[in-house]
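Just below is one structure, and these are the notes that go with it.
The values are calculated or read from the model by the stated rules, or taken from the named source; none is laboratory data. Keep in mind that this is a model prediction, so the values were computed, not measured. Don't worry about glycine lacking a Cβ; one is built from the backbone with ideal geometry, like all the others, and counts go over all protein chains shown. Please note that ligands, DNA and RNA were not included when accessible areas were found on the heavy atoms of the full protein model with its side chains. Shrake-Rupley method; radii C 1.70, N 1.55, O 1.52, S 1.80 Å.
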Amino acid sequence: KMTQQMRDLQLAQARKPPGPSSPNAAKRLYRNLSGKFRVNYTSFDEGSLAGRGEKEKLRKSYLFQSNAALFEAVELQDLDRVQELLKQYSPEELDLNTPNSEGLLPLDIAIMTNNAPIARALLQAGAKESPHFVSLESRSLHLSTLVREAEQRVNELTAQVVNEAPNADCSEKEKQLKAWEWRYRLYKRMKAGFEHARVPDAPTNVHLSVASSSSVHVTFWEPLSVNSAVVTKYKVEWSCSPTFSPPLGEAVIDKLKNLHFTIQGLVSGTAYYVQVSAYNMKGWGPPQTSVPPFAIPSNWREYDGRAPRRRGQAEALDHLLGQVKTVHQHCVCHEPCKNQPQSRKHSVSKSLKHLFHPGSKFLKTLKRGLYLTAIFYKDDNILVTHEDQIPVVEIDDTYSCLLMQDFLWLTKVSCMWDEILWLRQCVTVSQSSCSCILQTRFKMLLAISQMQGLLGIQDLGQIFFEPVKDKQGNILIVTLKEVKTNQTFESVRWVPICKLQTSRKSVSSPEEPTALDTLLISIQDKLAYHQRSSHALSPGLYLGYLKLCSAVDQIRVLVPEQLPNILCHVKIRANPNISREEWEWLQKMASVEEPVPAEPEAETSQNHLYQELQVAIKELMTLVNIPLQEAKDFRLYSQEVLDFGGQVSFLLLLPPSDDVCTAPGQNNPYTPRSGFLTLPLQIFELGEER
């Protein structure tokens, strides 16, 4: 009979419905209802159920069926079915870590039959081993009991089938006999798998790095050997002694999606040794020490005690802006504007309810002048007026030459859409000064207010990095904003972009398209730029390439089209932190006039960084189409590490000082391949801030 411990376990599972009357029942349930498992219980018509109690009963029935089906799929080694059930149901719905009537969990069956793919799928879903197997002896005893009871049941049924005359009861007993024979073979296979298994080998590629001034990060791979049982957890240990005596701490990792661990709360400047070991059903394997063997928590700023560049700057700017507003609060310029258009009262609306109403003052055609247009898009659709026009308002009909300084000023204003009225009131006082610049900028603010009022929304989005111009003297400043909510609008509609492009009747010739036609033709490119400019880099340390080119009125920076808010770059490693030792080594390299490529000592963090930089530089030079032999004249920016939020950091690779910025008319011998563009430096800086 089953041991008293397992009998107590069965009694403890009061919340779990009783199992099938025979081992074959779950298989029949799995086969007959496999099609129904693809339909979630919530798809039933709730109106047809008698009440909440009946619906809950039906729900529990379906969850029990899914649990039985999972056990059956694991026993039959049906990986596809296991993955389907894990995707369809949550671990709680599957009762993933509740033992069945035999005291086993799905993961127990998978690892004891040595089915590594199913075991890994279960582990990634959060499956555990049975906590009742507290020792090797208890697991062995339980398996022996299952085999003995199954064998006994097979013998009993065999005798009954042989001795009884053929009838309906005999036919049913034959089915039970086949089921128990199959169960007997399964238990024997599990018992043999357990007996032949051995403890796992040590993990491989155990790499240690400095994560911060108070933490280190360890990554590792699975053991190479495939002859031992499936690894179900890992143990990370750390100590200040290379012999790990005494140990300082340990952590068990049983979530195996990502094999890494960060050891927090360490003392800066102290060396810590780390080792990792693996565990399977036979116990813990031997530990593997890390490479390098120790790490010292630190950060590059500790080299010279440098404070973060932007510490307190945002707060100081907010405080300064508050002071300016306070000074101007009672100024005459903040009296209500008498000449404010009636549509201005709609600007306080926080929705797009009144977007493009028939009384709006959007323009249909362009005359010679400067205009503002706002593009709102969702997926492949664009929001248009009731006349199927992209919204355009006039800034100045006498302004035919947009100065770059005015445009760049407007891009900075786009960071303060909610403060436009206040800015207008401040500029109003200066109108009497006959300053063309102030007059133009006041008209820009007036056009923004008009657009906000007509749209009923404050945030107009991001300004595209260059205006759209035509030969008729029209200039379009374009704002872009993605609408992600499923909001309904009145008096307007979403129009597919391709339909708008084909249905618009052009009034210009293909040789000389108007600014609006040019905008429609290139709108896909502009939307792609807008989406890409909001993408963020994954955490890590990057090598960036700084290349500038100057014009008469601006400096532009080279960026990749796929990520225009970041310099051309390649990833060095996943760890963004530069340790004090690594930064000290970089400083020594930078101080040598003719650096000789001398490798640091093996198995040190400096050596790993040296190797990573070699790979990254080769990759970056290929990316920007610069011959590798020219890289010997390049240098790393050694004044600081560029830090973006603590999760992304950059080392900069600079061309020779004479080639950092290409002057107008100067020949650039190395032209990047396609996939790059140059942005005005101020636009690039705003993109980084966003």
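Quick notes
- Amide H partners (placed H, <5 Å) of GLU222, local residues excluded: THR204
- Segment 207-298, dipole about Cα centre (Lys/Arg Cβ +1, Asp/Glu Cβ -1), debye to the nearest 20: 160 debye
- What the phi angles of segment 201-218 give under the Karplus curve with 6.51, -1.76 and 1.60, with θ = phi - 60°, is a coupling list of 6, 6, x, 10, 6, 6, 10, 10, 9, 8, 8, 5, 6, 9, 8, 10, 10, 10 Hz, glycine and proline written as x.
- Taking amide H as placed 1.01 Å from N in the peptide plane, VAL392 has its amide H under 5 Å from the amide H of LEU363, each at least 5 places away in sequence or on another chain.
- Ligands, DNA and RNA aside, ILE617 has an accessible area near 40 Å² when probed at 1.4 Å.
- Gyration tensor (alpha-carbon) shape descriptor, segment 58-196, a/c threshold 1.5: oblate
- Placed amide H near TYR399: partners under 5 Å, 5+ positions off or other chain: LEU370
- Accessible area per residue was computed with a 1.4 Å probe on protein heavy atoms; LEU105 scores about 0 Å².
- By accessible area with a 1.4 Å probe, ligands and nucleic acids excluded, highest first: order of CYS240, CYS549: CYS240, CYS549
- Out-of-range pairs (alpha-carbon distance over 31 Å; input LYS412/LYS526; LYS235/LYS618; LYS255/LYS571; LYS412/LYS499; LYS255/LYS526): LYS235/LYS618; LYS412/LYS499; LYS255/LYS526
- Remark: segment 111-116, residue by residue, has Karplus-estimated 3J(HN,Hα) of 6, 7, 8, 6, 8, 4 Hz, where x stands for each Gly or Pro and the curve is 6.51 cos²θ - 1.76 cosθ + 1.60 at θ = phi - 60°.
- Among HIS530, HIS319, HIS535, the order of accessible area from largest down is HIS319, HIS535, HIS530, computed with a 1.4 Å probe on protein heavy atoms.
- Shown for segment 207-298: the carbon plus sulfur share of the solvent-accessible area, taken with all protein chains present and a 1.4 angstrom probe, equals 56%.
- Segment 369-534 shape via C-alpha gyration tensor axes, a/c threshold 1.5: oblate
- Accessible area in square angstrom per residue, segment 140-258, 1.4 angstrom probe: 53 Å²
- Ranking of TRP417, TRP284 by solvent-accessible surface, largest first: TRP284, TRP417 (1.4 Å probe, protein heavy atoms only, all chains present).
- Given charges at Cβ of Lys, Arg, Asp, Glu: segment 207-298 dipole, positive-most of ILE253, SER290, LEU208: ILE253
- Computed with a 1.4 Å probe on the full set of protein chains, the accessible area for ASP201 sits at about 60 Å².
- Applying the Karplus relation 6.51 cos²θ - 1.76 cosθ + 1.60 with θ = phi - 60° to segment 376-381 yields 3J(HN,Hα) values of 10, 9, 9, 6, 9, 10 Hz, where x marks Gly and Pro.
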